[in-house]
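The values are calculated or read from the model by the stated rules, or taken from the named source; none is laboratory data. Everything numeric in this text was worked out from a predicted model, so none of it was measured. Heads up, the Cβs are rebuilt from the backbone with ideal geometry, glycines too, and the neighbour counts pull from every protein chain shown. Just so you know, the surface numbers come from the protein's heavy atoms only, side chains and all, with ligands and any DNA or RNA stripped out. Shrake-Rupley method; radii C 1.70, N 1.55, O 1.52, S 1.80 Å.
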Amino acid sequence: MDINYQFLIKTFYLVLAAVPTTLNITAVSLLIAMPLAFYLAVIRLRPGKYIQIIISGYITFVRGTPIVLQILIIYSILPSFLNSVAKGFALEVNVFDWNPIIYAYIVFSLNTTALLCEVFRSALASINKGQLEAALCAGMTTVQAYRHIIVPQALVVAMPNICNITVKLIKGTSLAFLMTVKDMTAVAKIAASYGYNYIEAYMDVFAGYVIVCSVVQVAFAFAERHVGKFRFIK
Amino acid sequence: MLKITNVHKKYNDNEVLKGVDINVAKGDVVVILGPSGSGKTTLLRCINFLDHADQGEMEFDEYHLQMHSATADEVRKIRQKTAFVFQNYNLFQNKTVLENVTAGLIIGRNIEKNEAVDLALKALAKVGLSDRVNFYPSQLSGGQQQRVGIARAIAVQPDVILFDEPTSALDPELISEVLGIIKQLAEEGTTMIIVTHEMKFAADVATHVIFMADGNIVEEGRPKDIFQSPKEERTRNFLRRVLPQVEYNI
Ligand SMILES: Nc1ncnc2c1ncn2[C@@H]1O[C@H](COP(=O)(O)OP(=O)(O)O)[C@@H](O)[C@H]1O
Ligand SMILES: [Mg+2]
């Protein structure tokens with residue numbers, strides 16, 4: 001097997017140059033998903049039958065279907081749907097002109113929201129009820145109690161899972177090429193297609209994801225230690 | 001100062017409080033005794049609305065309210081006037097000792113930080129923990145944690161402090177350090193309602209003793225009367241069980 005080292009190196013730089021796109025999709029999706037998931041998790045911990053059914057239906061859908069399918073559904077249906085809505089309201093927007101990355105944000109946010117919701121729910125439920133009661137007794141409102149006492153503790157519990165979901169999300173964004181987004185995978189595939197150097201291209205992508213995911217995991221390990229500094233092992 | 005009348009509370013079909021009245025004047029130390037399951041914890045929790053009574057009236061200084069229909073605003077005001085010391089401490093795990101004590105001042109009562117820290121340090125000095133202010137709860141013994149719990153309660157200068165079996169979770173050798181502090185508070189005239197199984201301590205600090213069983217107040221009065229000449233058979237039985245030495249002292 002001959003490896004075209006020149007191509008290998010050249011494409012590696014291309015892949016590296018596309019890292020910001022991958023991280024962009026990841027970061028934006030996380031920023032949208034986190035508050036949404038937190039809000040849904042809080043709702044899930046309260047009584048209220050119909051809203052529970054809706055939320056758990058959504059979570060089941062996301063967890064029970066391949067992400068490729070979710071991408072295909074959203075990418076093929078959403079633009080025409082949005083277009084007819086825009087027409088209905090007589091708005092002057094052409095959704096077909098939108099940067100495809102917007103659809104990537106939508107798919108990956110919806111997907112990540114469902115996964116994070118379950119993580120937040122179980123993390124919040126793992127905090128002893130006495131913490132909330134003590135905060136209320138100290139004169140705090142429920143919102144203050146969550147903000148200052150419950151969420152900081154739940155975050156520590158959730159950190160390892162948030163890390164897993166983030167890494168999964170980074171890897172998942174490799175499917176963004178289906179929506180014509182030029183992420184790390186897409187860039188390498190395009191480069192390879194000219195001279196059929198797929199082996200080299202895939203090795204570059206492989207290395208790219210290993211590096212990005214390792215850096216993210218190290219960053220999470222630091223963050224975990226930081227938010228969990230109150231945890232001392234006796 | 002604090003008067004509650006005819007408090008009823010049910011869990012499903014289990015009637016836990018069957019019409020309890022309590023009257024607390026400023027400076028009173030009310031001790032509630034009674035067998036496990038008699039509703040003592042539930043009563044304390046209804047007073048600051050951690051549990052919601054099904055019926056009952058509360059007069060607390062200028063506030064006069066129906067306990068089953070208290071608004072969120074009323075509940076918050078009552079909680080601002082009280083403090084609660086839990087059986088299992090419930091210190092904020094993510095906060096240092098100092099932050100545990102200042103939280104109720106800064107977050108709960110909007111007191112400026114410098115002033116809050118001053119008040120907190122005074123409270124911590126009182127419970128003998130000035131050298132532990134930057135520790136986290138997980139680094140403290142049970143006795144130290146409960147002393148932080150007491151500092152957290154006194155720092156906000158509440159009208160009344162509610163104690164729910166403050167020493168029940170402690171190893172025997174740690175009990176006296178906590179009881180000593182509560183006793184000192186009693187001597188300084190702090191108004192308190194204390195649920196405890198420590199009989200000697202109860203007889204020592206109480207200005208008024210209430211004996212509860214099955215959701216009712218069976219008997220109440222001055223500590224001397226309750227401990228030395230209880231009128232009710234159930235009180236006598238209870239005291240005989242928890243004070244076995246009474247029988248053998250001749
Ligand atoms: N959250 C709850 N749900 C159902 N039953 C409860 C709850 N809390 C207390 N009870 C019941 O209420 C009764 C009184 O409990 P409690 O007030 O804790 O008694 P005490 O503090 O005197 O031991 C017990 O029978 C207990 O099982
Ligand atoms: Mg109890």
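Here are the numbers for this structure:
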quantity	calculated
B:Asp61-A:Ile3 FRET efficiency (beta carbon distance; Förster radius 60 Å; 0.05 resolution)	0.10
Alpha carbon centroid spacing (whole Å) that separates the range B:17-92 from the range A:51-112	51 Å
Helix axis angle, A:49-64 relative to chain A longest principal axis, alpha carbon, degrees	30 degrees
Calculated FRET efficiency for the pair A:Ser126/A:Val210, C-beta based, R₀ 22 Å, to 0.05	0.10
Buried area at the B-A interface (accessible, heavy atoms, 1.4 Å probe, summed, Å²)	2000 Å²
Cα gyration tensor shape of the range A:5-230, rounded if a/c is under 1.5, else prolate or oblate by comparing a/b with b/c	oblate
Gained length - B:Arg109 relative to B:Gln139, 0.36 nm times residue gap less alpha-carbon distance	8.1 nm
Positive minus negative residues near A:Val15 (Lys, Arg vs Asp, Glu; Cβ under 15 Å)	+1
Point-to-point label distance, A:Gln217-A:Asn161, nm (Cα→Cβ direction, 7 Å offset)	2.0 nm
DSSP-assigned coil residues among chymotrypsin sites (Phe, Trp or Tyr not before Pro) in the range A:135-204, each with at most 11 further Cβ atoms within 10 Å	A:Tyr196
Inter-site label distance for A:Ser193 and A:Arg231 at 7 Å from Cα along Cβ, in nm	4.6 nm
Under 26 Å, Cα to Cα: Lys pairs in the range A:5-230, sequence gap 8 or more or different chains	9
Heavy-atom accessible area order for B:Glu15, A:Glu118, A:Glu92, largest first, 1.4 Å probe	A:Glu92, B:Glu15, A:Glu118
Distance (nanometres) between label positions extended 7 Å along Cα→Cβ at A:Leu16 and A:Lys168	3.1 nm
Cα gyration tensor shape of the protein assembly as shown, rounded if a/c is under 1.5, else prolate or oblate by comparing a/b with b/c	prolate
Square roots of 5 times each gyration tensor eigenvalue, C-alpha, chain B, largest first, Å	29, 24, 15
Among B:Gly215, B:Gly143, B:Gly19, residue whose mean-square fluctuation peaks in a GNM of chain B (springs only between Cα atoms under 10 Å)	B:Gly19
Accessible area of the range A:5-230 divided out per residue, in Å², using a probe of 1.4 angstrom	52 Å²
For the range A:140-189: rounded, prolate or oblate by the Cα gyration tensor [a/c cutoff 1.5]	prolate
Efficiency of FRET between B:Leu243 and B:Gln184 - r from beta-carbon atoms, R0 22 angstrom, step 0.05	0.35
Carbon/sulfur fraction of accessible area - chain B, other protein chains in place, 1.4 Å, %	45 percent
1.4 Å probe, heavy atoms, protein only - residues of the range B:52-101 losing at least 30 Å² accessible area vs chain alone	B:Arg76, B:Arg79, B:Phe86, B:Asn90, B:Phe92, B:Gln93, B:Asn94
Total formal charge among the other residues, if their Cβ is under 11 angstrom from that of B:Gly215, Lys/Arg +1 and Asp/Glu -1	+2
Top of A:Phe89, A:Phe120, A:Phe220 by mean-square fluctuation, Gaussian network on chain A, Cα under 10 Å	A:Phe89
